[in-house]
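Here the structure is laid out as structure tokens; the discussion comes afterwards.
The values are calculated or read from the model by the stated rules, or taken from the named source; none is laboratory data. Given the structure is predicted, the values throughout are model-derived calculations rather than measurements. Glycine gets a Cβ as well: all are built from the backbone with ideal geometry, and neighbour counts include every protein chain shown.
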Amino acid sequence: MLKVSKNPNYTGEVCELFSKDAAQATRAFHQQIEGYTPTPLVSLPNLAKQLGVKAILVKDESKRFGLNAFKVLGGSYALGRVLAEHLNMDISEIDLKTVASKLEKPLVFTTATAGNHGTGVAWAAREMAQKAVVYMPAGSPQASVDRIRGLGAECIVTDVNYDDTVRLANQTAEENGWMLVQDTAWEGYEQIPTWISQGYMTMADEAVEQAEAMEEGLPTHVLLQAGVGAMAGGVLGFLADRLGADNFNAIIGEPAAADCIYRSGLAGEMVNVTGSLSSIMAGLACGEPNPVTWPILRDCSHSFMSVEDKVAATGMRILGNPLKGDEAVISGESGAITMGMLYLLMTTEEGRAHAEMMGLGEDSVVMLFSTEGDTNPARYRRIVWEGEQAL
């Protein structure tokens, strides 16, 4: 159920692309968007006591811009940077509500997505009065398709997996002269994925600011989920610069069906995973690491984990059904994986051995990022109400 590897390649080296200064610039952009407010950092003291740690702090991204997920942070910042470059303006001069008036005609942005990233791009394109075309891999839930179309974007479901859908979106963008806004990178396509990962730093900057104001204090352990590693790398890069890489342990978790970061961690170099990549964690079902953020994960992660779907399902049930006195957090499959990981690390014989290696114990302040809410409501109910994917 749990595969764990301590990172043999840790150096603690920080990356200037994901510094605290860069995070301030991305947050300043997001702060000028109508409806911006920091999402809650929820403390779960009773669960912390039960699991044997000092504190558990959960960043609840279901409250982000009314979109039920964090991904809009990356998509909106990337679109802002693209438009700023197109108009030869500074990003600080980009106003989502007025930028369209500076263009002769709307631009067309396209992307491939498992759901949340495409929602963010569609929302940002709508806010900026631009157009969006979103591609989704085979088996994508209709709820995600409907949500993206409801934001005014065209949404096309393919008959291939996520990584092949990315290639299709790229090909279509080149053929039509559209702007690809993809949250993974490859040789020759690195600038926009970098901006997307930088956009995610707003979430981490808020979390550190909030933790500093709480009696629980700054994290000693941060559990991050990874698909291609765009969010995990961006957040970890910021935290390593802001807190000092040696002052906390970062544990990176993925679904077993698409554990490219786990395998890359073992190998010390990027390793791709192929096949259907089928997982309830659709947002993490990616087989090819992002080369922009992989070096950060290699240099600053303490451990890597590969876990079965039922681990994420357990995290969903724990967060949605809290101990008396703790606050409920509605977390989707990709959002709850880290809570499931923490629970198994602290409550099972196998897990406790790994927890000791990670330094998890009674003095630990653990920070988690619940990156989405119930973005697939029907499956959320099957898991949380009906017990699907039980341990």
| request: Being within 16 Å of the chain's Cα centre (by Cα) and in a helix (DSSP H, G or I) is the filter; apply it to the stretch 291-314 and report the residue that is surrounded by the fewest Cβ atoms within 10 Å (Cβ to Cβ). | output: Trp294
| said: Restricting to the stretch 350-375, give me the number of residues that are of a type in the set (Asp, Glu), in a helix (DSSP H, G or I) and at pLDDT 95 or above. | reply: 1
| said: For the stretch 45-149, give me every one of the strands (runs of 3 or more DSSP E) that falls completely inside it and has 3 or more residues that are in contact with a Ser or Thr (Cβ under 8 Å, 6 or more places away or on another chain). | reply: 55-60, 131-136
| Within the stretch 151-182, how many residues are in a loop (DSSP other than H, G, I, E, B) and charged (D, E, K, R)? | 1
| said: Could you go through the stretch 319-328 and let me know if any residue there is out of contact with any Pro (no Cβ under 9 Å at 6 or more places or on another chain), among the charged types (D, E, K, R), in a loop (DSSP other than H, G, I, E, B) and at pLDDT 95 or above. | reply: yes
| request: Confirm whether Leu83 is more than 30 Å from Asp159 (Cα to Cα), surrounded by 14 or more Cβ atoms within 10 Å (Cβ to Cβ) and assigned by TED's automatic domain parsing to the domain that holds Glu174. | output: yes
| message | Return the residues of the stretch 56-86 that are over 13 Å from the mean Cα position of the chain (by Cα) and among the polar types (S, T, N, Q); say none if nothing qualifies. | response | Ser76
| task | Among what's in the stretch 262-278 and is out of contact with any Lys or Arg (no Cβ under 6 Å at 6 or more places or on another chain), at pLDDT 95 or above and part of a loop (DSSP other than H, G, I, E, B), pick the residue that is surrounded by the most Cβ atoms within 10 Å (Cβ to Cβ). | result | Val273
| Subset of the stretch 165-210 [acidic (Asp, Glu), surrounded by 17 or more Cβ atoms within 10 Å (Cβ to Cβ) and not assigned by TED's automatic domain parsing to the domain that holds Ala28] | Asp183
| task | Please name all residue pairs, on different chains or six or more residues apart, with Cβ atoms under 6 Å, provided the first residue is in the stretch 117-142 and is under 21 Å from Glu104 (Cα atoms) and touching a residue at least 24 places away in the same chain (Cβ under 8 Å) and the second residue is in a helix (DSSP H, G or I) and among the hydroxyl-bearing types (Ser, Thr, Tyr). | result | Ala124/Ser76
| said: Residue pairs, Cβ under 8 Å, 6 or more apart or interchain, first in the stretch 276-288 and on the phi > 0 side of the Ramachandran plot, second not in a loop (DSSP other than H, G, I, E, B) and not aliphatic (A, V, I, L, M). List them. | reply: Leu277/Tyr162; Leu277/Asp163
| message | Consider the stretch 17-44. How many of its residues are within 30 Å of Arg317 (Cα to Cα) and part of a loop (DSSP other than H, G, I, E, B)? | response | 7
| Which residue out of Leu44, Leu51, Leu107 is touching a helix residue (DSSP H, G or I) at 6+ places or on another chain (Cβ under 8 Å), in contact (Cβ under 8 Å) with a residue 40 or more places away in the chain, in the same structural domain as Val365 (by TED's automatic domain parsing) and not β-branched (Val, Ile, Thr)? | Leu51
| task | Of the numbered conditions (1) outside the structural domain of Met270 (by TED's automatic domain parsing); (2) among the hydrophobic types (A, V, I, L, M, F, W, C); (3) over 23 Å from Gly373 (Cα atoms), Ala213 fails exactly one; give the number of that condition. | result | (1)
| request: Say whether the condition of being among the hydroxyl-bearing types (Ser, Thr, Tyr) and either more than 16 Å from Leu2 (Cβ to Cβ) or crowded, with 21+ Cβ neighbours inside 10 Å (or both) is met by at least one residue in the stretch 344-363. | output: no
